[in-house]
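Bear in mind that the values in this text are calculations on the coordinates, not laboratory data. From a predicted model like this one, the values you see are computed outputs, not experimental measurements. Cβ: placed from backbone, ideal geometry, glycine included. Neighbour counts: every protein chain shown.
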Amino acid sequence: MIETKNINFYYGDFHAIKNISMKMEPNTVTAFIGPSGCGKSTFLRLFNRMNDLINNTRLEGECLIKSKNIYDKSIDVDELRKDVGMVFQKPNPFPKSIFENVAYGLKVNGVKDKKFIAQKVEESLMAAALWDEVKDKLHKSAFELSGGQQQRLCIARALAVAPSVLLMDEPASALDPISTSKIEELIHQLKSNYTIVIVTHNMQQAARVSDKTGFFMMGELVEYSDTKKMFLNPDKETTQNYITGRFG
Ligand SMILES: Nc1ncnc2c1ncn2[C@@H]1O[C@H](COP(=O)(O)OP(=O)(O)OP(=O)(O)O)[C@@H](O)[C@H]1O
Ligand SMILES: [Mg+2]
């Protein structure tokens, strides 16, 4: 589903991502772990060209999604971002109703059929495990929801435009333990329909939710393997030291 080939990425002169090649299979959850500043978010943002919005950056190498180089001139970036949705650390609903938040992507894409929109909103809220909690107040402001509910709303908003990939940058780090476990459960459910990449600082979370884990350090991919192996029997001593909390 996603394949990077010898990716190097620079902020000005700063070499933030160093020659990373990796593959992510469809319907899997991949976790990125590593110390603060090692490049996890930068690498994740390459998958839907969010780094294009930052000035004075440079990319080398290829990033293929469904076998197409997403940096090719023929790529429509808006289409790409529909197909590769993103959820951020802090829930960022729009100052609109719950319904309008989820309907937004469809409407900006020119969908006008009200019945179709209502159906997609319901489906997306269900898929994000939020429907039961909001079905009686769809026209209330999104800001009336709790942080955990807002985060699931943002997930519903991403799902409404039918992506194939969902990128999540520390989606639960601003949430309480109960909301966090809801998000983790949700990730588990979504895996059957989406390819998910999640950045997390929480080692237990990576171990719980992911099939594969990539360990990053100073812009390099130190180790990438099945999550079980990574946490039980990593190849590298640096990985062992990091996951056992000896640094980072
Ligand atoms: N917009 C930017 N301009 C310049 N340098 C940046 C920018 N964003 C990130 N960097 C640098 O690139 C490196 C990687 O940053 P990145 O945010 O990808 O790390 P991270 O692994 O996500 O860290 P954290 O766990 O703290 O979120 C850091 O050294 C950071 O200072
Ligand atoms: Mg980050």
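The fewest-to-most ranking of D211, D169 by surrounding Cβ atoms within 10 Å reads D211, D169. Quick check on segment 2-243: of the DSSP beta bridges with both residues there, what percent are antiparallel, nearest 5%? Taking every DSSP beta bridge within segment 2-243, about 60 percent pair in antiparallel fashion. Look at the alpha carbon pairs under 8 Å that are at least 6 residues apart: their mean separation over the length of segment 28-92 gives a relative contact order of 27 percent.
Here K135 is the anchor, and the aspartates and glutamates within straight C-alpha reach of less than 16 Å, apart from those fewer than 8 places off in the same chain, are E100, E122, E123, E144. Here the contact order of the chain, divided by its residue count and restricted to Cα pairs under 8 Å and six or more residues apart, works out to 28 percent.
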